[in-house]
Amino acid sequence: MRKLILTAAIASIGLSSTAFAADLPARAYTKAPAMMQAAYDWSGFYIGINGGGATGNVDWNEIGIGDEGSHNPSGATFGGQVGYRWQMASWVFGLEAQGNWADFRGSNISLQTGFENQTKVDAFGLFTGQIGYAWDRALFYVKGGAAVTDNRYNVYNNGFLQDNASEARWGAAVGAGFEYAIMPNLSLGFEYDHLFMGGNDVTFASATVDHIKQDVDLFTVRLNYKFGGPVMAGY
């Protein structure tokens, strides 16, 4: 009899536990937190190379004589740049120095002397500030600042050098570019710059003086390597 009573009690306890479990509310489903995606940050120092070409307009006017005509120097360029950028939200600000070897040359026959006037740009430099807007790995920017060109002027008579002069000329530069980060620290870009070099009085070896005006349109492909820089977290 005692054994029968004990068995009945155990069965009763089991049934009560099952009923209590059935009365418990179902566990609420908790959605897993959204994964954070790393957004590219353009902040940091960078160094790079560039290459491309240019065309321009140069006008010679001999003082006391008159207009000698104009020509359009063009050619290739190769060089490098170094800079630093700060990113705040999607806005990017930067400073950059660029130096290039160049071979921009052109000539025309003087309207006054009948000689060939030739202009050659051997090198140029740009010192600019940037303001840009970034969409993650893509960056569009505008820039402006100072420009300097290294110029040589030659006068030929039937193929023989008749006269020459050279100068370093300072002016202004404005431009725009697009850059895309193809790797975490490597970006590829395209840039256009216009150099406003103005007009200078240039004294030749023969002591003649020409007022020479110069403008340059520059097109380059750029490859930059960025050193470090934090990654911004976004959803």
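Let me confirm something: among 97, 102, 146, which residue is free of Cβ contacts under 8 Å to residues at least 60 places away in the same chain, surrounded by fewer than 16 Cβ atoms within 10 Å (Cβ to Cβ) and under 19 Å from residue 221 (Cβ atoms)? Give the derivation first.
Details: 102 fails: surrounded by fewer than 16 Cβ atoms within 10 Å (Cβ to Cβ); 146 fails: under 19 Å from residue 221 (Cβ atoms).
When all the criteria are applied, what remains is 97.
Pick from segment 47-94 the residues that are in contact with a Leu (Cβ under 7 Å, 6 or more places away or on another chain) and more than 30 Å from residue 210 (Cβ to Cβ): which of them is most open to solvent (accessible area, probe 1.4 Å)?
Filtering segment 47-94 for residues that are in contact with a Leu (Cβ under 7 Å, 6 or more places away or on another chain) and more than 30 Å from residue 210 (Cβ to Cβ), the one most open to solvent (accessible area, probe 1.4 Å) comes out as 49.
Here are some residues: 67, 122, 59, 103. Which one is over 22 Å from residue 185 (Cβ atoms), in contact with a His (Cβ under 9 Å, 6 or more places away or on another chain) and charged (D, E, K, R)?
Numbers: 67 fails: in contact with a His (Cβ under 9 Å, 6 or more places away or on another chain); 122 fails: in contact with a His (Cβ under 9 Å, 6 or more places away or on another chain); 103 fails: in contact with a His (Cβ under 9 Å, 6 or more places away or on another chain).
Going through 67, 122, 59, 103 in turn, just one is over 22 Å from residue 185 (Cβ atoms), in contact with a His (Cβ under 9 Å, 6 or more places away or on another chain) and charged (D, E, K, R): 59.
Kindly state which strands (runs of 3 or more DSSP E) lie completely within segment 20-98 and contain at least 3 residues that are modelled with pLDDT of 95 or more and of a type in the set (Ser, Thr, Tyr). Before the answer, list the steps.
Values: elements: 37-39, 44-62, 66-71, 74-88.
Because the criterion is at least 3 residues that are modelled with pLDDT of 95 or more and of a type in the set (Ser, Thr, Tyr), the strands (runs of 3 or more DSSP E) in segment 20-98 that meet it are 74-88.
Residue-by-condition table, conditions (1) buried (at least 18 other Cβ atoms within 10 Å of the Cβ); (2) free of Cβ contacts under 8 Å to residues at least 40 places away in the same chain:
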site	(1), (2)
129	no, yes
139	yes, no
167	no, yes
181	yes, no
198	no, yes
206	no, no
212	yes, no
224	yes, no
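Only one residue in 201, 193 is part of a strand (DSSP E or B) and either modelled with pLDDT under 95 or within 22 Å of residue 111 (Cα to Cα) (or both), so which one is that?
Working: 193 fails: either modelled with pLDDT under 95 or within 22 Å of residue 111 (Cα to Cα) (or both).
After ruling out the rest, the residue left standing is 201.
Taking residue 188, is it open to solvent by 40 Å² or more (accessible area, probe 1.4 Å), hydrophobic (A, V, I, L, M, F, W, C) and modelled with pLDDT of 95 or more?
Values: open to solvent by 40 Å² or more (accessible area, probe 1.4 Å): yes; hydrophobic (A, V, I, L, M, F, W, C): yes; modelled with pLDDT of 95 or more: yes.
Considered against the rule, which asks whether it is open to solvent by 40 Å² or more (accessible area, probe 1.4 Å), hydrophobic (A, V, I, L, M, F, W, C) and modelled with pLDDT of 95 or more, residue 188 comes out as yes.
Given the structure, is residue 149 part of a strand (DSSP E or B) and among the β-branched types (Val, Ile, Thr)?
Numbers: part of a strand (DSSP E or B): yes; among the β-branched types (Val, Ile, Thr): yes.
It is true that residue 149 is part of a strand (DSSP E or B) and among the β-branched types (Val, Ile, Thr).
The values are calculated or read from the model by the stated rules, or taken from the named source; none is laboratory data. Predicted model only: the values in this text are computed from it and were never measured. When we count neighbours, we look across all protein chains shown, and the Cβ atoms used for this are built from the backbone with ideal geometry, even at glycine. Accessible surface areas use protein heavy atoms only, side chains included; no ligands, DNA or RNA. Shrake-Rupley method; radii C 1.70, N 1.55, O 1.52, S 1.80 Å.
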